[in-house]
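Below is one structure, written out as structure tokens, with a few remarks after it.
A short reminder: the numbers here are calculations on the coordinates, not readings from a lab. Keep in mind that this is a model prediction, so the values were computed, not measured. Cβ coordinates were reconstructed from backbone atoms using ideal geometry, including for glycine residues, and neighbour counts include every protein chain displayed.
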Amino acid sequence: MKRTNRIFTILIFIFLYIPMAVLIVASFNTGKDITSFDGFTLQQYVRLFRDEKLLRLLGNSVLISVLASGISTMFGTMAAVGIHGLKPKMRKAVMSLTNIPMTNPDIVTGISLSLLFVFIGGKLLGQKESLTFWTLLIAHVTFNLPYVILNVMPKLQQMNPALQDAAMDLGCTPVQAFFKVTLHEIMPGMIAGAIMAFTMSLDDFVISYFVTGSDFMTLPVKIYSETKKPIQPKIYAMFTLLFLLILVLMITMNLIQIRGEQNKHKRRATADSKYARLAKRIGAFALAAVLVLGVGLLIFQGRSSTVTLNVYNWGQNIADGSDETMDIIAEFEKRYPDIKVNYITYASNEELYSKLSTGGITVDVIIPSDYMIARLKNEGMLEELNFENIPNYALVDDSFKNQHFDPENKYSVPYTWGTVGILYNTKYVAEEDVTGWDLLWNKKYTDKILMFDNSRDAFGIAQFLLGYSINTTDKTQLQACADKLKEQKPILQQYVMDQVYDLMENEVAWIAPYYAGDCMAMMQNNEDLAFYLPVDQGFNFFIDSMCIPTCCQEKDAAELFINFMCDPEISGANMDYIWYGSPVSEAKQHMDPVLAESDVVYPDQTVLDNGTSFAFLPEEISRYMETLFMQVRNS
Amino acid sequence: MSKELIRLQDLVMEFDGEQILDGINLTINDHEFLTLLGPSGCGKTTTLRIIGGFLNPTSGDVFFDGKRINDVPPYDRQINTVFQRYALFPHLDVYDNIAFGLKVAKLPKAQIHERVQEMLAVVGLKGYENRRTDSLSGGQQQRVAIARALVNRPKVLLLDEPLAALDLRLRKDMQNELKRIQQAMGITFVYVTHDQEEALSMSDTVIVMDKGRIQQIGKPEDIYNEPQNAFVADFIGESNILDGVMLADYKVKFFGRTFKCLDAGFAPNEPVDVVIRPEDIDFVPPEEGHLTGTVTSVTFKGLNYDIIVDFKGFKWLIQTTDHQAVGSTVGIRLNPEDIHIMHKSEYSGMFGDYSSYSAEYDELTEDADDEEE
């Protein structure tokens, strides 16, 4: 019995810690791949510490965690003392109320807070930008409070209530009594609460995601917005360090608690207590110093720049200096020293839309896709551009002008473009089978086929196969597409987005529809991969364009930025990183020839004529499509 | 002695609709050792906490040196307290515990040092300055608590069952110690206890309380010898309490016989409670006795025997050094000074019958009394 128990315990530990172990091992792996361990290296850690941006984000996360845990420990302790003073019945009721936010789904808390901030900031105070560093801080303090109360409360209950009386008896006012006596008694609870709050803050993504504004971003939010491409190994290194930090904090917390218990039974020498007092003082001083430093830094940051240009782009959609590419933002700031760029990212067109439409964010340049441009334009959320400030627009190919989403070329300047085709592995897929979108329905490759995990792209493929328009609003046609997709489901391996990189490069799957630029990138990592564009059946052709939203505060600087991005040299350097097509033909001379000459990224003009771009669908239709897709997925 | 220091006037305390104090009136004199004595829940600790300022009475007033202090918070009263379980500050060592009040009052360091050393000497803890309080024995912690209160030189020291957590031997030592400290410092002690022996041996004045009311105020001897009702008679020492009728001054009738007594001032034929202390009864040969009865049980107690004698179905406790055999017939004589007469009260008939007496009875009740509130 004892042995089975022990085995069971070991199994549970393995189960709990294996994911972390994998990550830690991966952070020391020489290979880029997590599926095979090629050798030991510290290279990822070196890269991590050379990546200033990543470190600054980490600094942001630590700063917000320290401030939030400090403030919530203060307020949480005050709240706990207040609750402790209530009559027992009332105390129980209030305690269960304060516990509810902990069990409340984060997403609900996040959305509610975001709505509240936008309402108060935007509607009541009339601020242009209602989501800021301060709202993020308030949100973190809010969700940390219950954890502090939960930790402090038992210490208050364990405390001999006569201690407070004794202090007052000896001349203390109630406030003095709290600081001279109660505080010392509940200190272990406060420290435990603060550490817990710190860790909760450090790794919070969901709530932060909804209340993050343009001026301040934490690490988890940033990482999420960058999952379009596979996660860089240096991120593994950072996670490993974060995991170790939290581990150390947790162990410290447990040690403090164990110490506290022992003190009640054990005698301790005086020298020890003198040291403890000294340590406490140093700790308090350090905490105060960090708080002062953090606030000072913020004020300093807020005052230092001249013009701040807020650029809101897709994650990993601009060259950032990594892998020998150009750091486009740094280059821009070098050329225009008066302008400081604040670069923030989103993960989808829909996220961009919701942030903009709720007024939670104020930005100067955005880079939405075709159908979203149409939507934003229709809803009056785009500013007309002054093309006198954008002379480089003349260099943009005519084939990218006069698009349906901006027929008069008033609101948008193309940034990148691309197609959606099929990526397949030539080792396993017979060339004669590669004839069109039907390949994704070919039973011969059962369990080796991947499919888009988003309704618009998935329905698009079915629409091309069935000969419908990809912008159809006919519900019977959409139903027919859904039936087509249902037919495909049994032979699919799975529905995926970013995981496509791992699955295809490692030959776990053989066939997948995906965006040309990403396919090109995967082909660089596995020579057997090939790209096919079903020209006859039709394919999706997309353009991401730069626009200026109506909330823009620095229009001149924004237009300067747009113009800069159309500079062939810059555009070319940018494409070296993102691997999509540049709308500026001249840019080809400034990019990696592999890319410039690739017919995956730059198909013939005659080929391109067969592509169709997505138009904005009425809300009712897109929701209907979404529902049908869910049914397909769950069938 | 005898200058009035504290006066409680018509104190009433209600807690969630429950009456804790019901009209307390009392005066505490300067330099007096006054004890509030009573069973658990009698209101003695509540009274003490009102004097200390930790509770506000529902109605009634507290006067200190002639001034009403109802609204004066505890930290502004010239009163210090020794708490039930000491309530020493666990994060401070002995020295800092004692110096706590002086530091709050912002006295110069040198003066604090001098006064703490002086107090350490008074309570006999010199050399323990840097010890943590949780490394001290119960008695030592008790002394620290006393020193911590007295170092502030209060006019009054409140002590809430300070010896309850100590074992019997230590309790006896500390009783003497407390009395010595009180006399040496020359200040007023207000002492709360449920231990009647402690109260009688230490106090100048004892106040017996029950059900939120004062039952009797008096010197220890008076409380013992002249209890005012059956409750006091029973709570202080052991008593046989009998129904009687006061025929006239100095004449009381019970058990169908008329006895001479020392009491007067009752209405003719007033029904009364008659108290006879167990140690005041002497055995005589049956034929010489005022009453004759049968011995039903004998317990050896060391100093004496506890003997239960059945008189016409009513069982008495008699404490004597003479051994009597169980079942033997004995006679007793009652002298006038052995008989104490009390007016009838709400407690009449509740105490003083030893029909269910057993040797363990005392110990059981004492244990149950240990915890108050």
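Using a cutoff of 8 angstrom between alpha carbon atoms and counting only pairs six or more residues apart, the relative contact order for region B:238-369 works out to 28 percent. Computed over region B:170-289, relative contact order equals 15 percent, with contacts defined as Cα pairs under 8 Å that lie 6+ residues apart. Rounded to the nearest 0.05, the FRET efficiency derived from the C-beta distance between B:Asp204 and B:Gln111 at R0 = 25 Å is 0.20. With Cα atoms defining each centre, region B:278-320 and region A:79-100 are spaced 60 Å apart in the structure.
The alpha carbons of chain A occupy a box of 93, 69, 50 Å along the principal axes, longest dimension given first. Rounded to the nearest whole angstrom, the semi-axes of the ellipsoid equivalent to region B:238-369, taken from the Cα gyration tensor as √(5λ), stand at 25, 19, 12, largest first. Binning the C-alpha pair distances of region A:59-132 at 5 Å intervals from 0 yields a P(r) profile of 3, 13, 12, 16, 22, 18, 10, 5, 1, 0 %, listed from the shortest bin outward. Under a Gaussian network description of chain B, with springs only between Cα atoms under 10 Å, the residue in B:Ala147, B:Ala99, B:Ala110 that fluctuates furthest is B:Ala110. Mean partner shielding of peptide B:85-95, defined as the number of other chain Cβ atoms within 10 Å of each residue Cβ, is 5. Rounded to the nearest 20, the Cβ-based charge dipole of the protein assembly as shown about its Cα centre (Lys and Arg +1, Asp and Glu -1) stands at 2440 debye.
Restricting attention to region B:4-224, lysine pairs at least eight places apart or on different chains and with alpha-carbon atoms under 24 angstrom apart total 20.
Would region B:55-169 count as rounded, prolate or oblate if I go by the C-alpha gyration tensor, calling it rounded below 1.5 in a/c and otherwise prolate when a/b exceeds b/c, oblate otherwise? The shape class here is oblate. If you wrap the tightest convex hull around every Cα atom of region A:473-548 and split its volume per residue, you get 158 Å³.
The protection proxy used here, the mean number of other Cβ atoms lying within 10 Å of each residue, ranks peptides B:320-327, B:212-219, A:627-634, B:139-146 as follows, highest first: B:139-146, B:212-219, A:627-634, B:320-327. The equivalent ellipsoid of region A:440-589 has semi-axes of 33, 22, 13 Å, largest first, where each one is the square root of 5 times an eigenvalue of the Cα gyration tensor. Taking 0.36 nm per residue of separation and subtracting the current Cα-Cα distance, fully stretching the chain between A:Asp397 and A:Glu507 would add 35.9 nm.
In the structure displayed, which of A:Lys53/A:Lys588; A:Lys234/A:Lys334; A:Lys234/A:Lys355; A:Lys53/A:Lys334; A:Lys427/A:Lys448 lie more than 20 Å apart, Cα to Cα? Listed pairs above 20 Å: A:Lys53/A:Lys588; A:Lys234/A:Lys334; A:Lys234/A:Lys355. With contacts taken as Cα pairs under 8 Å at a separation of at least 6 residues, chain A carries a relative contact order of 15 percent. Taking a Cβ cut-off of under 14 Å around A:Asp397, the surrounding Lys, Arg, Asp and Glu residues balance to a net charge of -2, with basic ones at +1 and acidic ones at -1. With a threshold of 21 Å on the Cα-Cα distance, the over-threshold entries among A:Lys443/A:Lys484; A:Lys155/A:Lys180; B:Lys260/B:Lys301; A:Lys377/A:Lys555; A:Lys123/A:Lys340 are B:Lys260/B:Lys301; A:Lys123/A:Lys340. Electrostatic bookkeeping for B:Ser201 treats Lys and Arg as +1 and Asp and Glu as -1; over the other residues with beta carbon under 14 Å from its beta carbon, the sum is -2. Across B:Asp76, B:Asp65, B:Asp234, mean-square fluctuation computed from a Gaussian network of chain B (C-alpha pairs under 10 Å connected) peaks at B:Asp76.
Between B:Arg153 and A:Arg91, the distance separating the two model label sites (each 7 Å from Cα on the Cα→Cβ line) works out to 3.9 nm.
Rounded to the nearest 500, the helix-only mean residue ellipticity at 222 nm of chain A stands at -17500 deg cm²/dmol, with each DSSP H run of n ≥ 4 adding -39,500 (n - 2.57). Between the helical axis of B:168-185 and the longest alpha-carbon principal axis of chain B there is an angle of about 60 degrees. The angle between the Cα long axis of helix A:106-117 and the main principal axis of chain A comes to about 90°, on a 0 to 90 degree scale. Listed values for region B:12-18 are Karplus-derived 3J(HN,Hα) couplings in whole Hz (6.51 cos²θ - 1.76 cosθ + 1.60, θ = phi - 60°), namely 10, 10, 10, 10, 6, x, 9, and x replaces Gly and Pro.
Arranged from fewest to most other beta-carbon atoms within 10 Å of their beta carbon, A:Asp474, A:Asp106, A:Asp51 become A:Asp474, A:Asp106, A:Asp51. A:Glu350: net charge of surrounding residues, Cβ under 13 Å, Lys/Arg +1, Asp/Glu -1, itself excluded? Net of charged neighbours comes to +1. If you fit an axis through the alpha-carbon atoms of helix A:619-634 and take the longest principal axis of the Cα set of chain A, what angle between them do you get, 0 to 90°, nearest 10? Computed tilt is about 80 degrees.
Under a Gaussian network description of chain B, with springs only between Cα atoms under 10 Å, the residue in B:Gly331, B:Gly313, B:Gly52 that fluctuates furthest is B:Gly313.
Under 5 Å from the amide H of B:Met209 lie the amide H atoms of B:Leu37, B:Gly38, B:Gln215, each residue being 5 or more positions distant or on a separate chain, with H modelled from the backbone and absent for Pro and chain starts.
Taking region B:1-20 and a reference point 7 angstrom along Cα→Cβ of B:Asp30, the backbone N atoms nearer than 20 Å belong to B:1-8.
Within region B:238-279, list the residues whose amide N lies under 17 Å from a label point set 7 Å along Cα→Cβ of B:Asn225. Answer for this model: B:238, B:261-264, B:275-279. Extension gain, A:Phe205 to A:Tyr428: 0.36 nm times the residue separation minus the Cα-Cα distance gives 76.3 nm.
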